[in-house]
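Let me begin by presenting the structure, written as structure tokens, before commenting on it.
The values are calculated or read from the model by the stated rules, or taken from the named source; none is laboratory data. No experiment lies behind these values; they were computed from the predicted model shown. Quick reminder, even Gly has a Cβ in these numbers, built from the backbone with ideal geometry, and neighbours come from all protein chains shown.
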Amino acid sequence: MSTSFKIEMESRVIKPIHLAERITKLLLCGSDFFLYEKGEKCFLGLGVNAKISADTSGTVIYSSSIDEQKFSGKRISLLIQEAIEYMNVDDWRLHGLVYFDLSILIHQLDVNYSNHQPAFEFILPKIDIEISKTLITIKIADENEFDSSQIKEKIQALLNDVTFTELDKYQPQKDTREIDITSDTNYQKHVKDAVECISNNDFLKVILSRRVYIPFKVDLLESFGRARKNNTPARSFIYQLDNRAAFGLSPETVVEVSSEGVVSTQPLAGTRSLGETPEEEARLKAELLSDSKEIAEHAISVKLAVEEMESICNQSSVAVSEFMNVKRRGSVQHIASRVVGQLQEERCSWDALIALFPAITASGISKKKSIQYIYDMEPYNRGLYSGASILADSTGMLDAALVIRTLFKEGDDYWLQAGAGIVKESRFEREFEETCEKLSAISKFVIEAA
């Protein structure tokens, strides 16, 4: 039997993201957690009560400590819905990860893996916490597993801690450690080969990424906090699950679906540094908006977004609500547009995710050909990079943050990854510089673990 309670913030002025970080450190439910920041709210999932997952075989699996059930033979969105119905929870919220390899199922790609790779995993937490500026709402999946009064006391003690409530004035004592993001011997050849393929009309655009390994253990929560304070993301997230973890400052969403069925996507394409001064930022912004290569790259991304939205929305409702505005995202500025539409009655939020995944701005145009090229040319499996961090609930709401500007951990390995959009007019020097600009959104703020 589940139970829930609320804690009012009273007169305290604490940013939800700061409170979510600190509650995570309380270890109320072991070391597995998901944190997702959306606007002025943070959502925290602690522990794993149940999981809905799939790999590149296409079978969806529901699993818990006492049960497992498999679903197959239908389109992916329907299989996810069946697994959620089997979960038999009325008021649910799922945190999750969508891996780039879901592309294999969606676009029926020819990728020769020796073993099936993860496509997605969605977690129903044991403790679900929603944090706003004025209220903390806590739901416990099984009231017999946790003492709600003890949890309430620990969070209340945190709120009464003066050193925490003054967190915005606190300056971290730990120093960041420099990471070399400029060494790469293969990226120049990859860009040259891609431009040649584009010149041969194989595709119009492809996003090629490069990976930078970090030669030390990282304090993930401290690094996340430092990086978040110095960036302006559309969404932020951090998770730890088994021996895997990542934190990201996402500049855009892959898709947003409201509980009323309003679908939105925000392609970002076209990049410049922010520079060191307001004057330099303004100069680079003007340069960005007058660069024919960047404008063309952005325009074709918006066109494809409209086509994808029309596949799952009422066509008459699909519109470009925002066009070629410039958004500040950490160390860079992007040209941004937004496409919106009303979901068709027979469709669900998972259909919207499938239709728009992977993000145009992390794959290419045409999607299938560019993704196939990524699999053929990049020397490693992307995994979660350019996938999505997910928040979804029983009202039909779904929010999917693009997993870029992210630090990854698997086992003892830590790395960063960034890409650039390659088109016919691309020059290696500029594309490489762009990857460095994007990597620095995280690399400047990485703190070594003690």
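For the stretch 336-377, taking the residues that are in contact with a Pro (Cβ under 8 Å, 6 or more places away or on another chain) and of a type in the set (A, V, I, L, M), the one that is surrounded by the fewest Cβ atoms within 10 Å (Cβ to Cβ) is identified as ALA336.
Residues that are modelled with pLDDT of 90 or more, within 27 Å of the chain's Cα centre (by Cα), under 30 Å from VAL423 (Cα atoms) and assigned to a helix (DSSP H, G or I): does the stretch 162-180 have at least one? Among the residues of the stretch 162-180, not one is modelled with pLDDT of 90 or more, within 27 Å of the chain's Cα centre (by Cα), under 30 Å from VAL423 (Cα atoms) and assigned to a helix (DSSP H, G or I), which makes the answer no.
Can you tell me which residues in the stretch 399-449 are of a type in the set (A, V, I, L, M, F, W, C), in a loop (DSSP other than H, G, I, E, B), within 13 Å of ILE214 (Cβ to Cβ) and over 19 Å from the mean Cα position of the chain (by Cα)? Walk me through how you get there before you give the answer.
Looking only at the stretch 399-449, we keep the residues that are of a type in the set (A, V, I, L, M, F, W, C), and these are 400-404, 407-408, 415-416, 418, 420, 422-423, 428, 432, 436, 439, 441-442, 445-447, 449.
Then keep just the ones that are in a loop (DSSP other than H, G, I, E, B); that gives 403-404, 423, 445-446, 449.
Going one step further and asking which of them are within 13 Å of ILE214 (Cβ to Cβ), we end up with 445-446, 449.
Residue satisfying the conditions is ALA449 alone.
Candidates VAL13, VAL60: the one that is touching a Lys or Arg at 6+ places or on another chain (Cβ under 9 Å) and at pLDDT 95 or above is VAL60. None of GLU40, GLU85, GLU68, GLU8 is more than 24 Å from LEU384 (Cα to Cα) and under 21 Å from the mean Cα position of the chain (by Cα) except GLU40. Quick check: anything in the stretch 87-101 surrounded by 23 or more Cβ atoms within 10 Å (Cβ to Cβ), hydrophobic (A, V, I, L, M, F, W, C) and part of a loop (DSSP other than H, G, I, E, B)? Yes; the residues of the stretch 87-101 include at least one that is surrounded by 23 or more Cβ atoms within 10 Å (Cβ to Cβ), hydrophobic (A, V, I, L, M, F, W, C) and part of a loop (DSSP other than H, G, I, E, B).
Restricting ILE7, ILE23, ILE52 to those that are of a type in the set (Val, Ile, Thr) and either assigned to a loop (DSSP other than H, G, I, E, B) or surrounded by fewer than 19 Cβ atoms within 10 Å (Cβ to Cβ) (or both) reduces the list to ILE7. Filtering the stretch 26-49 to residues that are surrounded by fewer than 16 Cβ atoms within 10 Å (Cβ to Cβ) and in a loop (DSSP other than H, G, I, E, B) leaves LEU26, LEU27, SER31, GLY39, GLU40. What number goes with the only condition from (1) buried (at least 16 other Cβ atoms within 10 Å of the Cβ); (2) not in a loop (DSSP other than H, G, I, E, B) that SER149 does not pass? Result: SER149 fails condition (1) only.
Would you check if there is a residue in the stretch 417-435 being out of contact with any helix residue (DSSP H, G or I) (no Cβ under 9 Å at 6 or more places or on another chain) and among the hydrophobic types (A, V, I, L, M, F, W, C)? No, the conditions are met nowhere in the stretch 417-435.
One residue stands out in the stretch 378-407 among those that are surrounded by fewer than 21 Cβ atoms within 10 Å (Cβ to Cβ) and touching a Phe, Trp or Tyr at 6+ places or on another chain (Cβ under 9 Å): the one that is farthest from GLU437 (Cα to Cα), namely SER394.
Can you tell me which residue in the stretch 291-322 is farthest from GLY364 (Cα to Cα), limited to those that are over 26 Å from the mean Cα position of the chain (by Cα) and assigned to a loop (DSSP other than H, G, I, E, B)? Per the criteria, the residue is ASN314. Screening ALA245 on (1) surrounded by 15 or more Cβ atoms within 10 Å (Cβ to Cβ); (2) touching a Gly at 6+ places or on another chain (Cβ under 8 Å) shows it passes everything except condition (2). The set of residues in the stretch 55-85 being surrounded by 15 or more Cβ atoms within 10 Å (Cβ to Cβ) and outside any helix (DSSP H, G or I) consists of ASP55, THR56, GLY58, THR59, VAL60, ILE61, TYR62, SER63, PHE71.
Within 20 Å of VAL423 (Cα to Cα), surrounded by 15 or more Cβ atoms within 10 Å (Cβ to Cβ) and under 17 Å from the mean Cα position of the chain (by Cα), is that true of LEU288? So LEU288 does not fit the description; no.
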